[in-house]
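Asker: I'd like to ask some things about the structure below.
Please treat every number below as a calculation from the coordinates, not as lab data. All of these numbers come straight from a predicted model, not from anything done at the bench. Cβ atoms come from the backbone with ideal geometry, glycine included; neighbour counts cover every protein chain shown.
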Amino acid sequence: MNIKKILKTTLPLILGGILVWYSLSKISIDVLIGYFKEAKYSWIFLGLFFGVLSHLSRAYRWKFMLAPLGYKPKFTNSVLAVLVGYLVNLALPRAGEISRAAVMANYEEIPFEKGFGTIVAERIADLIMMLTIITITLFVQFDFIYELLTKNFDPTKIIIGFIILIIGFYIFTSFVKKAKKGFLLKIKNFISGLIEGITSIFKMKNKWAFIFHTVFIWVMYVAMFWATIPAIEGLHVPLGGILIGFIAGGFSIAATNGGIGLYPIAVAGALALFDIPSEPATAFGWIMWTAQTAMIIVFGGLAFLFLPIYNKNK
């Protein structure tokens, strides 16, 4: 293993450790344990139920991507592959997609490159959904966000900055369109692939079923976040807080190994915008992160063990 691979593995873990320390500096361990003891676990399990539904829907949605390629994997193997992928992502970010494709190559004889290609296309659909949720949040919380910005920044500077951003975006896209080599060409190819992936969704045979499951998956993600809030006595979060907290948590998961350390900080920071006290907000972030991480470890571990048993005849 070379230095680059070692750093890719260790640096996120070190960063996660630092973030855990920082988060726990905002709330004592004894107080946090108290919140865990007093939590209403019926709400936590309801949230986990929504999480499980999202995983099952993701596994089922996959068949709509594989069908045009001539493959019809067993639903059980698809579910197990998805769960193993989530488990691997906790240790090595983005490696879960590789392991997921490898599982199907091993047990369903779907060529790795084809299986991986469908997973990339899925991620494009998920990216669109995340951007959609952000857009909805901007509309739902427009007054709040506008007031927050004008309170902390000069409105004239915001308008000038917005105009500069538009002009800069136009200039940047012009350079990208003309790119023939280098980093800009990579961006151009990425955007082309993104557009191709989006249009391919509308060309597939079961496009409406695929779109339904895509929306359902993300509704379940938000529902998992929403359902866990009442687990903490007296914690009341408005709709805007739920959406902004969910988005902040989602970005933290993408930035580190499963959001370790960063998730509670990001969620608490988002809820603080709605004048929610730091202590219960941080405790909620830890409970939410612990619940979904435990679910991935338990179900992912069981999937890893069950795969060879279920496919013992192969």
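Asker: In whole Hz, with x marking every Gly and Pro, tabulate ³J(HN,Hα) for region 263-280 from phi via Karplus 6.51 cos²θ - 1.76 cosθ + 1.60, θ = phi - 60°.
Answerer: In residue order, the calculated couplings are 4, x, 5, 5, 5, 4, x, 5, 5, 5, 4, 9, 6, 8, x, 4, 5, x Hz.
Asker: Ok, one more. Between region 71-108 and region 34-55, how many Å separate their Cα centres?
Answerer: Region 71-108 and region 34-55 have Cα centres spaced 25 Å from each other.
Asker: Which of these, Val82, Val298, Val103, has the largest mean-square fluctuation under a Gaussian network model of the chain (Cα springs below 10 Å)?
Answerer: It is Val298.
Asker: For Val79, Val237, what's the fewest-to-most ordering of other Cβ within 10 Å of each Cβ?
Answerer: Going from least to most buried by this count: Val79, Val237.
Asker: Taking the Cα centre of each part, how many Å lie between region 197-266 and region 268-314?
Answerer: When both Cα centres are located, 13 Å separates them.
Asker: Same structure again: Rounded, prolate or oblate: which fits region 33-310, taking a ≥ b ≥ c as square roots of the Cα gyration tensor eigenvalues, rounded meaning a/c under 1.5, else prolate when a/b beats b/c?
Answerer: oblate
Asker: Evaluate the distance, in nm, between pseudo-label points positioned 7 Å from the Cα of Phe36 and of Thr290 along their respective Cα→Cβ axes.
Answerer: In this crude label model, Phe36 to Thr290 measures out at 0.3 nm.
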